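For reference, the structure discussed in these notes is given below.
The values are calculated or read from the model by the stated rules, or taken from the named source; none is laboratory data. Since this is a predicted model, take the numbers as computed values, not measurements. Reconstructed Cβ throughout: ideal geometry from the backbone, glycine too, with neighbour counts over all protein chains shown. Side chains are part of the model used for accessible areas, which takes the heavy atoms of the whole protein and leaves out ligands, DNA and RNA. Shrake-Rupley method; radii C 1.70, N 1.55, O 1.52, S 1.80 Å.
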Amino acid sequence: MENLFRLVDYEETLSKRCIWVNGPVIVGAGPSGLATAACLKQEGVPFMLLERAECIASLWQKRTYDRLKLHLPKQFCQLPNLPFPQHFPKYPSKNQFIDYLESYARHFDINPRFNQCVQSARYDETTGLWRLKTVATCGSVKNEFEYICRWLVVATGENAECVMPEIQGLREFKGDVIHACQYKCGERFKGKKVLVVGCGNSGMELSLDLFNHTASPSIVVRSPVHVLPREVFGKSTFELATLMLQWLPLWVVDKILLVLAWLVLGNVEKFGLKRPSEGPLSWKNTKGKTPVLDIGTLEKIRSGEIKVVPAIKRFGNGCVELVNGEKQDVDAVVLATGYRSNVPSWLQEGEFFSENGFPKCPFPNGWKGNVGLYAVGFTRRGLSGASFDAVKIAQDIAHLWKQETKPKKHRTTACHRRCISQF
């Protein structure tokens, strides 16, 4: 009898449903997934949008710092078919961008299925269909779903999981240790000596925020980095580069950008910020590393108010030892060590995606794989790259969907496992 009650309890807390989707399944309701969904709406193609969190754009809503603004002008960050409101500033804030995304979803009537964590996705060669298994948790109840579809769009993006580095002694360090995704504001670090590990855009901006909240930040720079002014003579550096690339080869544009950076910022190498041998655009294309767009951090580095230190050797009790032998007292550590794709953890496929979770083919050819598999938001070209992918994917799926859904004179119905049709 006891075993019977256990069985009943288990069946009450775990139920399975099989759902047929008459169109693509999109995994991820961030900007990339929303853009793809909107473009499919425009094409008249039904779809299912799955999101593991309880909101759209969970990275922006839950894992970004308060002072964040878009690093590029808004015209380079808007999604397809709906520009930013005219009253928004040139560089919208985090909250303004979230408002834009929510209005985007409302405008195109996009309604994701939230709290759907994809456990696995595989292509069934027998049926020619994709099968996705998800788990949705609501309190103590877990619901398992299996979505079956003809096309799968991976929109989980480049920043699905934070990267936590392995540094000797870090686990035993007694002070606060947080990843940049947990950082909101420098108020909690007032008066503290804070070590920021990572010198990308986030690391540089968090160092400035810490200084503005009267902390004493030091930033670890262990590898070469390109630092460019966000604007040159009132014009966005990115916008200038985009214009020049229409007329000049990339290597020439790189040279011009470095000259402009030297004129505006001076020689940054004497502050410990060694530049790579490749130009900033070439570096981005070959290594996938985005140049830092300076918003004031360099001025504080130049004045010595933000210190630049080399790579870490180990952490000790309340201190850090650097590779040059120097030791510094540290009260807290912020790991601005970036993010990575989580695609290999759930997508059972090895031809289109590489082991690092990015498509094997570089931009602009990394949006389409075989057997109905697509990728959006993996271009390393920000929101404009995601929008480019979304338009191409929607057009391609729409062409196939309209062909496959045309009425046929002779139709045969295959016997499959009973599924609930979503459309």
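Would you say GLU326 is more than 30 Å from the chain's Cα centre (by Cα) and among the charged types (D, E, K, R)? Spell out the reasoning first.
On the way: more than 30 Å from the chain's Cα centre (by Cα): yes; among the charged types (D, E, K, R): yes.
Considered against the rule, which asks whether it is more than 30 Å from the chain's Cα centre (by Cα) and among the charged types (D, E, K, R), GLU326 comes out as yes.
Test of understanding: among LEU243, LEU273, LEU248, LEU258, which residue is free of Cβ contacts under 8 Å to residues at least 24 places away in the same chain and in a loop (DSSP other than H, G, I, E, B)? Break it down stepwise before answering.
Working: LEU243 fails: in a loop (DSSP other than H, G, I, E, B); LEU273 fails: free of Cβ contacts under 8 Å to residues at least 24 places away in the same chain; LEU258 fails: in a loop (DSSP other than H, G, I, E, B).
Matching residue, one of LEU243, LEU273, LEU248, LEU258: LEU248.
Among the residues of region 178-219, count how many are surrounded by 19 or more Cβ atoms within 10 Å (Cβ to Cβ), of a type in the set (A, V, I, L, M) and assigned to a strand (DSSP E or B).
Total satisfying the criteria: 5.
Please verify whether region 301-317 includes one or more residues that are out of contact with any Pro (no Cβ under 9 Å at 6 or more places or on another chain), of a type in the set (Val, Ile, Thr), assigned by the TED database to the domain that holds TYR183 and part of a helix (DSSP H, G or I).
yes
Starting from region 207-229, keep only residues that are assigned by the TED database to the domain that holds GLU187, then list their pairs with residues that are small (Gly, Ala, Ser) and open to solvent by 50 Å² or more (accessible area, probe 1.4 Å) whose Cβ atoms are within a distance under 9 Å, requiring at least 6 positions of separation or different chains.
Every condition considered, the pairs that remain are LEU210/SER216; THR214/GLY191; ALA215/GLY191; SER216/GLY191; PRO224/SER277.
May I ask you to verify whether GLU278 is assigned by the TED database to the domain that holds ILE167 and either out of contact with any helix residue (DSSP H, G or I) (no Cβ under 7 Å at 6 or more places or on another chain) or at pLDDT below 95 (or both)?
On the way: assigned by the TED database to the domain that holds ILE167: yes; either out of contact with any helix residue (DSSP H, G or I) (no Cβ under 7 Å at 6 or more places or on another chain) or at pLDDT below 95 (or both): yes.
Answer is yes for this residue.
Scan region 366-390 residue by residue and report those that are on the phi < 0 side of the Ramachandran plot, more than 17 Å from the chain's Cα centre (by Cα) and surrounded by fewer than 20 Cβ atoms within 10 Å (Cβ to Cβ). Can you show your working first?
Step one: filter region 366-390 for residues on the phi < 0 side of the Ramachandran plot, giving 366-370, 373-376, 378-379, 381, 383-390.
Applying the additional criterion that residues be more than 17 Å from the chain's Cα centre (by Cα) yields 368-370, 373.
Matches in region 366-390: LYS368, GLY369, ASN370.
Of the numbered conditions (1) touching a residue at least 12 places away in the same chain (Cβ under 8 Å); (2) within 26 Å of LYS69 (Cβ to Cβ), GLU326 fails exactly one; give the number of that condition.
Of (1) touching a residue at least 12 places away in the same chain (Cβ under 8 Å); (2) within 26 Å of LYS69 (Cβ to Cβ), only one is false for GLU326: (2).
Within region 245-277, which residues are open to solvent by 40 Å² or more (accessible area, probe 1.4 Å) and in contact with a Lys or Arg (Cβ under 8 Å, 6 or more places away or on another chain)?
LEU258, GLU269, PHE271, listed by residue number.
Taking region 329-368 as the search range and keeping residues that are among the β-branched types (Val, Ile, Thr) and not in a loop (DSSP other than H, G, I, E, B), which one is farthest from GLU172 (Cα to Cα)? Walk me through how you get there before you give the answer.
Initial filter on region 329-368 (among the β-branched types (Val, Ile, Thr)): 330, 333-334, 337, 343.
So of that shortlist, the ones also not in a loop (DSSP other than H, G, I, E, B) come out as 333-334, 343.
Working: VAL333: 12, VAL334: 15, VAL343: 31 Å.
Across region 329-368, the extreme among qualifying residues is VAL343.
Do you know which residues across region 69-96 are open to solvent by less than 60 Å² (accessible area, probe 1.4 Å) and either in contact (Cβ under 8 Å) with a residue 60 or more places away in the chain or closer than 18 Å to VAL292 by Cβ (or both)? Explain how you work it out, then say what you get.
Step one: list which residues in region 69-96 are open to solvent by less than 60 Å² (accessible area, probe 1.4 Å), which gives 70-74, 76-77, 79-80, 82, 84-85, 88-89, 91-94, 96.
Passing the criteria: LEU70, HIS71, LEU72, PRO73, PHE76, CYS77, LEU79, PRO80, TYR91.
Taking into account only those residues within region 111-166 that are among the hydrophobic types (A, V, I, L, M, F, W, C) and more than 29 Å from GLY382 (Cα to Cα), which is farthest from the chain's Cα centre (by Cα)? Steps first, please.
Initial filter on region 111-166 (among the hydrophobic types (A, V, I, L, M, F, W, C)): 114, 117-118, 121, 129-130, 132, 135-136, 138, 141, 145, 148-149, 151-155, 160, 162-164.
Next, only the ones that are more than 29 Å from GLY382 (Cα to Cα) stay: 129, 135-136, 138, 141, 145, 148.
Values: LEU129: 28, VAL135: 22, ALA136: 22, CYS138: 26, VAL141: 30, PHE145: 26, ILE148: 26 Å.
Looking at residues that are among the hydrophobic types (A, V, I, L, M, F, W, C) and more than 29 Å from GLY382 (Cα to Cα), I get VAL141.
Suppose we filter region 230-240 for residues that are in contact (Cβ under 8 Å) with a residue 24 or more places away in the chain and either among the hydroxyl-bearing types (Ser, Thr, Tyr) or not in a loop (DSSP other than H, G, I, E, B) (or both); how many remain? Break it down stepwise before answering.
Filtering region 230-240 for residues in contact (Cβ under 8 Å) with a residue 24 or more places away in the chain gives 230, 232, 236-239.
Going one step further and asking which of them are either among the hydroxyl-bearing types (Ser, Thr, Tyr) or not in a loop (DSSP other than H, G, I, E, B) (or both), we end up with 232, 236-239.
Number satisfying all stated conditions: 5.
Please enumerate the residues belonging to region 138-161 that are in a strand (DSSP E or B) and crowded, with 16+ Cβ neighbours inside 10 Å. Reasoning before the result, please.
Quick first cut of region 138-161, residues in a strand (DSSP E or B) only: 138, 141-149, 151-154, 161.
ASN143, PHE145, GLU146, TYR147, ILE148, CYS149, TRP151, LEU152, VAL153, VAL154, listed by residue number.
Would you confirm whether or not region 56-67 contains a residue that is under 25 Å from GLY200 (Cβ atoms), of a type in the set (Asp, Glu) and touching a residue at least 12 places away in the same chain (Cβ under 8 Å)?
Within region 56-67, one or more residues are under 25 Å from GLY200 (Cβ atoms), of a type in the set (Asp, Glu) and touching a residue at least 12 places away in the same chain (Cβ under 8 Å).
Mind listing just one residue for me: the one in region 88-122 that is of a type in the set (D, E, K, R) and in a helix (DSSP H, G or I) and, of those, nearest to GLY30 (Cα to Cα)? It would help to see each step written out before you state the result.
Of all residues in region 88-122, those of a type in the set (D, E, K, R) come to 90, 94, 99, 102, 106, 109, 113, 122.
Applying the additional criterion that residues be in a helix (DSSP H, G or I) yields 94, 99, 102, 106.
Values: LYS94: 14, ASP99: 13, GLU102: 10, ARG106: 14 Å.
Out of the qualifying residues, it is GLU102.
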